[in-house]
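The structure appears below as structure tokens.
The values are calculated or read from the model by the stated rules, or taken from the named source; none is laboratory data. Since this is a predicted model, take the numbers as computed values, not measurements. Cβ sites come from the backbone with ideal geometry, for glycine too, and all protein chains shown count toward neighbours. Just the protein is used for accessible areas: all its heavy atoms, side chains included, with ligands, DNA and RNA removed. Shrake-Rupley method; radii C 1.70, N 1.55, O 1.52, S 1.80 Å.
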Amino acid sequence: RDAQESRGLGDVYKRQDTRKALTTFIVQLMKTGIVPKLRVLSIITGIQDIIVEKVEEENAVNEVEKLTELLFLFVKEGKGQFEEVKTEWIWKHKCIPMIQTFAKYKKNDKKSISSRAIFNYMDMKALL
């Protein structure tokens, strides 16, 4: 690898670390009661809505992968937090079905979905 390629990969890893840190921080604020669970679910459903739009667009694979990774982090870090009465309906009837549907996709089912994103959905489904 040349120096420029190594710097590029370093930037990618930094962005991934930043996404993970921010997601973990938001979920910890939720777990301690500082941020309401409904607010975090609103973020999750917002991310899902954008993904549903982006997979239908041409050349949006990168965006879908990044958003899917972000969604995965929220699902992983927030596991077991959304089953209470106030948030249960949104979690069970909006968030989970979307994850289950996307976990069944094949690479050519949507214009901008990759195997990487599909595997992330399979991992999310396994966490549910």
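General remarks:
- All of S42, S112 fail the test of being of a type in the set (G, A, S) and either open to solvent by 70 Å² or more (accessible area, probe 1.4 Å) or closer than 23 Å to L22 by Cα (or both), apart from S42.
- Listed conditions (1) over 23 Å from R19 (Cα atoms); (2) of a type in the set (V, I, T); (3) open to solvent by 50 Å² or more (accessible area, probe 1.4 Å) are all met by T87, apart from (3).
- Pair list, Cβ < 8 Å and 6+ apart or interchain, from the stretch 83-112 residues that are among the small types (G, A, S) to residues that are open to solvent by less than 40 Å² (accessible area, probe 1.4 Å): A103/I118; A103/Y121; A103/M124; S112/V55; S112/A60; S112/V64
- When F82 is tested against (1) under 15 Å from R39 (Cα atoms); (2) open to solvent by 60 Å² or more (accessible area, probe 1.4 Å), only condition (2) is not met.
- Odd one out for K94, checked against (1) over 20 Å from Q16 (Cβ atoms); (2) out of contact with any Ser or Thr (no Cβ under 7 Å at 6 or more places or on another chain): (2)
- The stretch 51-62, residues that are open to solvent by less than 80 Å² (accessible area, probe 1.4 Å) and part of a helix (DSSP H, G or I): I51, V52, K54, V61
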